[in-house]
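The values are calculated or read from the model by the stated rules, or taken from the named source; none is laboratory data. Quantities reported herein were computed from a predicted structural model and do not represent experimental measurements. Here Cβ is always computed from backbone atoms with ideal geometry, including for glycine, and neighbour counts include all displayed protein chains.
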Amino acid sequence: MQLFHYHWWTNKVEEMEKFYVNLGFQVMLRVGKYEGEMQTFNSPLKWDDFRHKEITFRIIEMRKGQTNVTFGYGKKDRFDHIGFLVNNNEYKQIINRAEELNWKVNEGERRTFIATPWKIRIELQKRADVITEVKDTMIKTMEIYLPFNDNPKLISYLLGLKVTLESNTEIKMQGKSWSMAFLNESHTKMSKITFLSKEFFDKVDPVNTRLLSVNN
């Protein structure tokens with residue numbers, strides 16, 4: 001199981017695309033509602049080609065190495081979900097545990113979403129083509145703020161992860177080559193992502209998430 005993906009709703013979609021392009025991400029897909037219909041505005045189209053149109057972007061997908069980032073238009077910044085690449089056996093086990101927890105499961109042909117008590121969703125993806133084959137820009141650690149009104153340790157149970165730290169303010173859990181930390185705050189928000197990358201960067205994106213890289 002690999003942590004590979006995250007999604008935001010934001011009114012800064014153009015700024016987000018520009019930011020990630022500057023980090024070396026490639027635009028894979030742009031889908032937006034224009035004149036009442038969903039249409040694509042994919043490359044080689046650039047923003048100058050359609051900025052004057054009133055398009056409400058449903059999704060812009062960007063990829064670099066082993067990371068897939070998506071975002072769409074929202075009235076304010078809202079962190080929506082994280083995604084995991086899983087095999088068939090992992091998928092079945094996670095779905096069974098979600099049902100034990102009585103968490104809503106929305107299965108689809110292309111991906112499955114599990115709702116959590118913290119207003120974030122967990123995406124399960126079995127298609128390997130959602131990332132590139134290049135072993136670079138892999139998510140190593142992810143820090144997420146959320147209220148501890150329900151115990152985030154339940155996420156470790158759902159995903160079959162080992163808990164490495166547990167306190168009233170922080171819970172850490174470990175995957176095979178990545179980890180997640182949940183910090184007790186009043187509102188759910190992505191705080192920081194560390195990538196394993198050949199290139200060095202330490203930046204804050206337009207939705208105020210710190211992105212930094214390490215090379216080991």
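Which ones in the range 98-134 are assigned to a loop (DSSP other than H, G, I, E, B) and either hydroxyl-bearing (Ser, Thr, Tyr) or under 15 Å from Met1 (Cα atoms) (or both)?
Hits for the range 98-134 are Arg111, Thr116, Lys126, Arg127, Ile131, Thr132.
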Test: Trp8 is among the aromatic types (Phe, Trp, Tyr) and more than 16 Å from Arg121 (Cβ to Cβ) = no
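Here's the yes/no breakdown for (1) modelled with pLDDT under 95; (2) closer than 22 Å to Ile120 by Cα; (3) out of contact with any helix residue (DSSP H, G or I) (no Cβ under 6 Å at 6 or more places or on another chain); (4) of a type in the set (Phe, Trp, Tyr):
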site: Glu15; (1), (2), (3), (4): no, no, yes, no
site: Arg30; (1), (2), (3), (4): no, no, yes, no
site: Lys46; (1), (2), (3), (4): yes, no, yes, no
site: Gly72; (1), (2), (3), (4): no, yes, yes, no
site: Val86; (1), (2), (3), (4): no, yes, yes, no
Cβ-Cβ below 6 Å, separation at least six or inter-chain, first residue in the range 154-168 and closer than 13 Å to Met180 by Cβ, second exposed (fewer than 13 other Cβ atoms within 10 Å of the Cβ) and of a type outside the set (Phe, Trp, Tyr): which pairs?
-> none
Going through the range 202-216 in order, the residues found to be hydrophobic (A, V, I, L, M, F, W, C) and either in contact with a His (Cβ under 9 Å, 6 or more places away or on another chain) or surrounded by 14 or more Cβ atoms within 10 Å (Cβ to Cβ) (or both) are Val207, Leu211, Leu212
Does at least one position in the range 129-138 carry a residue that is within 27 Å of Asn96 (Cα to Cα) and either crowded, with 18+ Cβ neighbours inside 10 Å or in contact with a Leu (Cβ under 6 Å, 6 or more places away or on another chain) (or both)?
-> yes
Expected single match for within 23 Å of Arg78 (Cα to Cα) and of a type outside the set (Phe, Trp, Tyr) among Ile131, Ile144 is Ile144
When the range 184-201 is checked residue by residue, the ones that are surrounded by 14 or more Cβ atoms within 10 Å (Cβ to Cβ) and either within 17 Å of the chain's Cα centre (by Cα) or closer than 14 Å to Lys140 by Cα (or both) are Thr188, Lys189, Met190, Ser191, Lys192, Ile193, Thr194, Phe195, Leu196, Ser197
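Table: residues versus (1) out of contact with any His (no Cβ under 6 Å at 6 or more places or on another chain); (2) outside any strand (DSSP E or B); (3) at pLDDT below 90; (4) closer than 18 Å to Ile114 by Cα.
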site	(1), (2), (3), (4)
Thr141	yes, no, no, no
Asn149	yes, yes, yes, no
Leu154	yes, yes, no, yes
Leu158	yes, yes, no, yes
Val163	yes, no, no, no
Met173	yes, no, no, no
Met180	yes, no, no, yes
Leu183	yes, no, no, no
Ser191	yes, no, no, no
Some residue of the range 1-20 being assigned to a loop (DSSP other than H, G, I, E, B), closer than 17 Å to Phe195 by Cβ, in contact with a Lys or Arg (Cβ under 9 Å, 6 or more places away or on another chain) and of a type outside the set (Asp, Glu) | no
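Residues to consider are Glu54, Glu35, Glu61; find the one that is of a type outside the set (Lys, Arg) and modelled with pLDDT of 95 or more.
On inspection, the qualifying residue turns out to be Glu61.
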Which residues, counting only those in the range 49-85, are surrounded by fewer than 20 Cβ atoms within 10 Å (Cβ to Cβ), aliphatic (A, V, I, L, M) and within 24 Å of Met138 (Cβ to Cβ)?
-> Ile59
